[in-house]
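Q: Below are the structure tokens for one structure; questions will follow.
The values are calculated or read from the model by the stated rules, or taken from the named source; none is laboratory data. All of these numbers come straight from a predicted model, not from anything done at the bench. Methodologically, a virtual Cβ is constructed for each residue, glycine included, from the backbone with ideal geometry; neighbour enumeration extends over all protein chains shown.
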């Protein structure tokens, strides 16, 4: 499936807050249907990279291209059209706290589709059922647990059947079984709808189960130090830091600097 | 540990910590720990130990003896890390062999992850001129943000008028209720008291000339023209402006506003417009209501203190007021409504990502609203004066 033309291209991206450079010279390509993992030690700018990709922060330098079109060079109206093809799940869920779960999912549908109220409600129930929250339509985000909020956030991210789903640490705070179900759901969505996923995660189990492409950010060198399929990365990458990460601090690779 | 005395004590009394330094010759000392080295004890500073008599001469090596050590916790670890640091500076070798195994392991663990370069924050204060410059730049930036925000709101209003922006009707109704009906009790109380006070102060002066009846003119014109609107403005700044800032600030903290943006929904159209419209619709009405209550307050003083009867007072008020007074008052209220909604929402949207940032946003929203109300009152009064309204 990687034989297609690139779907998302990040080119020589430099991310900075004011004069503080978080990461520089990031270049990687994501194909349609990829499950792309962003990994790295804590504080290296994984979430910042995600925010750059979804257009919340303007890059200090470099470009993010979607199907060959640069996000930041496009006029705002085109950017909005692009944004509609994205779904985003935040670390905390970021549900709108003044609305019930069903209303949260209904909002993007009401904005961008011509569906009737009953149809929207029906679809919201379906999305909630997909993440295992059947019957919670009329709960407010403050009335459910953190893990449930996260799943509801996922349901909202999937509301418009987006082309690309961005997940910021989807399995953090989920119990192992829910985390496993989430992985299954991701694989299922890719198989059925051809959705592309960009996932920030630390979960090694997830990384190896679902990821087929990835980038590894290093906080010290402030750039990416490895990219590609995580399984291949584990087998081939000679960087001790990447190896330690992928083996939970296991022994260094057999041949150094091979 | 089964005796009742032990059970009553949460922690058994610890023995005092002591230390002795034994010179071993050749620049080596042995440090003997005794008793409990715990956080609840006053532990010695490593520097005093190294400076003690026994450690005289060129010190090369420190060894430890922990046979008499009764107990330890993080207190000992902090002491040893401090000692390590000083020893590093003075090139003294530390031999950890004599330490309990647990202590050694924890110290190794604390040293396992090296400090990240550039992660430690410097506590130095920037030079004065730097700070002045930074403050000036921050001021410029916040002014630019404010104007951008006002511009965005204007564009959003334009889109609403031309039918391109969709208004959340249910939200609008909730906000109308919130800054309309729900504000009535406090507006009633404060405006009526204000009318009362004004009438009372005026009455004392006017009675000296036997011109009590003009209390009606005084209260009527003052309240209708300016003060009703100003009272409403200040009440709504504290009530609604603060609420808007806190609501949007909390949404910012929860990334709810980011969630809107990434869906391509403009936070201005979705969050600010309904609040702005609700306040603009309700402020003039609240102002008229406050006018009425202010006049009622004046009436109470007139009837009780001045022996003016109700009909007389109302007639005099009607005679004193004309339409332009009401219009000026309503214009004030409308301007205040816009200012309160704008500043409340602006401070909320600019809010940082912490609980204290929400508090700051709320405070600065109220302050900004009240300053804006007073300044705009002065401006409107000046303009009315020039236009001879």
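Q: Pull out all pairs, ordered by first then second residue, where Cβ-Cβ is under 9 Å, the residues are six or more apart or on different chains, the first lies in region B:196-210 and is buried (at least 20 other Cβ atoms within 10 Å of the Cβ), and the second is outside any helix (DSSP H, G or I) and at pLDDT below 90.
A: B:199/B:306; B:203/B:306
Q: Looking only at residues in region B:156-170 that are more than 11 Å from chain A (Cβ to nearest Cβ) and part of a helix (DSSP H, G or I), which one is modelled with the lowest pLDDT?
A: Step by step, filter region B:156-170, then rank; the result is B:169.
Q: Could you list, in sequence order, the residues of region A:85-104 that are over 12 Å from residue A:155 (Cβ atoms), at the interface with chain B (Cβ under 9 Å from one of its Cβ atoms) and within 21 Å of the chain's Cα centre (by Cα)?
A: Across region A:85-104, the qualifying residues are A:86, A:88, A:90, A:91, A:92, A:94, A:96.
Q: I would also like to ask the following. If you check A:172, A:155, which single one turns out to be outside any helix (DSSP H, G or I) and out of contact with any strand residue (DSSP E or B) (no Cβ under 9 Å at 6 or more places or on another chain)?
A: On inspection, the qualifying residue turns out to be A:172.
Q: Okay, next question. Go through region A:122-154 and give me each residue that's over 23 Å from residue B:266 (Cβ atoms) and within 14 Å of another protein chain (Cβ to nearest Cβ).
A: Across region A:122-154, the qualifying residues are A:140, A:142, A:146, A:149, A:150, A:152, A:154.
Q: Which one is nearest to residue B:166 (Cα to Cα) among residues in region A:105-121 that are away from every other protein chain (no Cβ under 14 Å) and loosely packed, with under 12 Cβ neighbours inside 10 Å?
A: A:116
Q: Something else now. Give all pairs with beta carbons closer than 6 Å in which a residue from region A:56-84 that is within 14 Å of chain B (Cβ to nearest Cβ) meets a residue that is in a strand (DSSP E or B); count only pairs at least 6 apart in sequence or on separate chains.
A: Close Cβ pairs (under 6 Å, with a partner that is in a strand (DSSP E or B)) amount to A:64/A:10; A:66/A:8; A:71/A:64; A:82/A:66.
Q: Among the candidates A:41, A:34, single out the residue that is within 14 Å of chain B (Cβ to nearest Cβ) and crowded, with 17+ Cβ neighbours inside 10 Å.
A: A:41
Q: Looking at (1) more than 20 Å from residue A:160 (Cα to Cα); (2) surrounded by fewer than 18 Cβ atoms within 10 Å (Cβ to Cβ), which is the only condition residue A:59 fails?
A: The number of the failed condition is (2).
Yes/no matrix, rows are residues, columns are (1) modelled with pLDDT of 95 or more; (2) within 14 Å of chain A (Cβ to nearest Cβ); (3) under 30 Å from residue B:354 (Cβ atoms):
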{"site": "B:242", "(1), (2), (3)": "yes, no, yes"}
{"site": "B:254", "(1), (2), (3)": "no, yes, yes"}
{"site": "B:257", "(1), (2), (3)": "no, yes, yes"}
{"site": "B:262", "(1), (2), (3)": "no, yes, yes"}
{"site": "B:265", "(1), (2), (3)": "no, yes, yes"}
{"site": "B:269", "(1), (2), (3)": "no, yes, yes"}
{"site": "B:283", "(1), (2), (3)": "yes, no, no"}
{"site": "B:286", "(1), (2), (3)": "yes, no, no"}
{"site": "B:302", "(1), (2), (3)": "no, no, no"}
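Q: Here's another thing I want to ask about it. Only one of these conditions is not met by residue B:319: (1) at pLDDT 95 or above; (2) surrounded by fewer than 16 Cβ atoms within 10 Å (Cβ to Cβ); (3) over 24 Å from residue B:246 (Cβ atoms). Which number is it?
A: (1)
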